[in-house]
Amino acid sequence: MLSKQRKGFTDFKLNKQLLDAIAEAGYTELTPVQEKVLGPVLSGQDLIGVAPTGTGKTATYALPLLRKLNFPQGNEVRALVLAPTRELAMQIGDHIRMLGKYTGLRTVVIYGGTGPRQQIEEVEAGLDILVATPGRFMDIYLGGNLPLKKLQFMVIDEADKMMDMGFLPAINRILEVVPRKRQNLLFSATFPPRVEALAGDFLKFPVKIEVSPQSTPAPEVRQCLYHVPNFKTKLALLMHLLEGEIEVPAERGKAAERDEAAEKGQTTERDEAAEKGEPAERGKAAERDSPGETDTFGETGVTAGTDGPAEAEITVAENSSEAESLPDEAEKPSAAQRIIIFCKTKQAATNIGKYLVRKKGEEQVRILHGNKAQNTRINAINDFREGNVAVLVATDVVSRGIDITGVSHVINFDIPLVYEDYVHRIGRTGRMHREGDAISFCSPSEIYHLEKIQELIRQKIPVKALPPEVEVSKTPFEEQQAMAREMDHQRRKEDPDFQGAFHDKKKKNDKDKR
């Protein structure tokens, strides 16, 4: 029996300008989501696309938009793409520009965290496609600078992330002001009830295409797990991996001075070229977009912040002087390695990043989370993408949608509390049919969350024994107490009648006082 031949880009009604750009970008075959979605979108249907990150979703809607708009026309926006974070918005804009380089179509990206003046000027100069974060979109629209009468297409990307970040009210306001007659597309890595409800309000008789089961890691990602007793042993294991089987490259590039200037709100030649001298500012629109930078998605870890989920009650003491006793210099580098280390809190990312800077040098490591200045965040992503640095320490702000090719390893220093984040984190590697490694560290208080993740992905993550070279440190008393409280909390979630050791002790103390 003959197997069905897979379609290629030339099987769809794409013009020569698009096919030339596709060839120059090095795309030779369709991903499964592109093969299934391009046809319905090109035919004009509303569509729901459910697919894991790293499957080529951006091109899935970018190519039909570029084909249907065809050539520049007028000065008003004709296609709108909404994205949850400024990093993702910029990435989408770059991707659309790359694919539309021979069409003449004009793409503008707007986002919070910087002054709106330059963005307003770009919009008023004329555009065909607008990529926007919801808060900045409404800010410029309400200022009277964004006519929408010509809008024909609307895309909501990373819809589940939008819901998790609290953008539903902003999206509802946008739906009230855009023309009713338009083609609508919604893309999401998962399809929870809130996204389903949004789709019901947003789409008209949509076709739903689900490329793979929700929350299924890509087969190209090799997963493994280490059970680690405490924070200091996690640090020792991390250093062992970076100096051994992963081998962080030798120092590359020179960007620390630029990042320091960005943190002070200054710009450098590179920033001025990219932003035409616009310094990083924060205004009302930035505050509305701030869910994209506050990392509410899975915030716990070394020191649980107030912006994390209710479960984030564990506080683990960190002793930087103790950390200094861990292994020092890296051995022979391998330029092929590029590593993202995910942490559950901004504080954890900062502390671990600073520790790695002490051990590896400031030219090796970048730290990325919502408290960083915008220029610093952009520079960190660009340095990592361009291969100027080997290690990116990040919170979940980068686990969704940011397309950085060639990531060899993802290390989960902490197990995420939002279980879908595990899939999004490890989806930063193994992208576009390339293999990658995802390594997770799990402390005793994280086993509960690990089991929930394994239920979600319907897989058991292979366990590796701690290497004998890794020194297993004694767990400090404060950390033991914090983990015990967390495990009590987990037990109470499963069994409301469970009292827990700390509850009994409190009751005894109260009785003694009486």
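Before moving on, here are some points about what is shown:
- Considering region 356-467, the qualifying strands (runs of 3 or more DSSP E), each wholly inside and each with 1 or more residues that are touching a Cys at 6+ places or on another chain (Cβ under 9 Å) and under 30 Å from residue 115 (Cα atoms), run over 391-394.
- Residues satisfying the stated conditions in region 96-119, i.e. farther than 21 Å from residue 26 by Cα, outside any loop (DSSP other than H, G, I, E, B) and in contact with a strand residue (DSSP E or B) (Cβ under 8 Å, 6 or more places away or on another chain): 107, 108, 109, 110, 114, 119
- Filtering region 410-420 to residues that are within 13 Å of residue 438 (Cα to Cα) and either of a type in the set (A, V, I, L, M, F, W, C) or surrounded by fewer than 24 Cβ atoms within 10 Å (Cβ to Cβ) (or both) leaves 410, 411, 413, 415.
- Here residue 480 meets the list (1) touching a strand residue (DSSP E or B) at 6+ places or on another chain (Cβ under 7 Å); (2) over 20 Å from residue 340 (Cα atoms); (3) not hydroxyl-bearing (Ser, Thr, Tyr) almost entirely, failing just condition (1).
- When region 110-129 is limited to residues that are in contact with a Ser or Thr (Cβ under 9 Å, 6 or more places away or on another chain) and not acidic (Asp, Glu), the one that is surrounded by the most Cβ atoms within 10 Å (Cβ to Cβ) turns out to be 112.
- When residue 44 is tested against (1) on the phi > 0 side of the Ramachandran plot; (2) without any contact (Cβ under 8 Å) to a residue 12 or more places away in the chain; (3) not polar (S, T, N, Q), just one condition goes unmet, and that condition is (2).
- Remark: pairs (first residue in region 451-464, in contact (Cβ under 8 Å) with a residue 12 or more places away in the chain and surrounded by 11 or more Cβ atoms within 10 Å (Cβ to Cβ); second residue of a type in the set (Phe, Trp, Tyr) and in a loop (DSSP other than H, G, I, E, B); Cβ separation under 6 Å; 6+ apart in sequence or on different chains) = 452/419; 453/419; 456/419.
- If you filter region 171-214 down to residues that are among the small types (Gly, Ala, Ser) and buried (at least 18 other Cβ atoms within 10 Å of the Cβ), you find that the one that is farthest from the chain's Cα centre (by Cα) is 199.
Residues checked against (1) polar (S, T, N, Q); (2) surrounded by fewer than 21 Cβ atoms within 10 Å (Cβ to Cβ); (3) in contact with a Ser or Thr (Cβ under 8 Å, 6 or more places away or on another chain):
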{"site": "10", "(1), (2), (3)": "yes, yes, no"}
{"site": "16", "(1), (2), (3)": "no, yes, no"}
{"site": "19", "(1), (2), (3)": "no, yes, yes"}
{"site": "28", "(1), (2), (3)": "yes, yes, no"}
{"site": "32", "(1), (2), (3)": "no, yes, yes"}
{"site": "38", "(1), (2), (3)": "no, no, yes"}
{"site": "41", "(1), (2), (3)": "no, no, yes"}
{"site": "46", "(1), (2), (3)": "no, yes, no"}
{"site": "73", "(1), (2), (3)": "yes, yes, no"}
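Here's the yes/no breakdown for (1) part of a loop (DSSP other than H, G, I, E, B); (2) at pLDDT 95 or above:
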| residue | (1), (2) |
| --- | --- |
| 52 | yes, no |
| 60 | no, no |
| 63 | no, yes |
| 67 | no, yes |
| 75 | yes, yes |
| 84 | yes, no |
| 88 | no, no |
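- Candidate set: region 442-454, residues that are under 22 Å from the mean Cα position of the chain (by Cα) and of a type in the set (D, E, K, R); chosen: the one farthest from residue 412 (Cα to Cα): 452
The values are calculated or read from the model by the stated rules, or taken from the named source; none is laboratory data. Owing to the predicted nature of the structure, the values given are computational and were not obtained by experimental measurement. We place every Cβ from the backbone using ideal geometry, glycine too, and count neighbours over all the protein chains shown.
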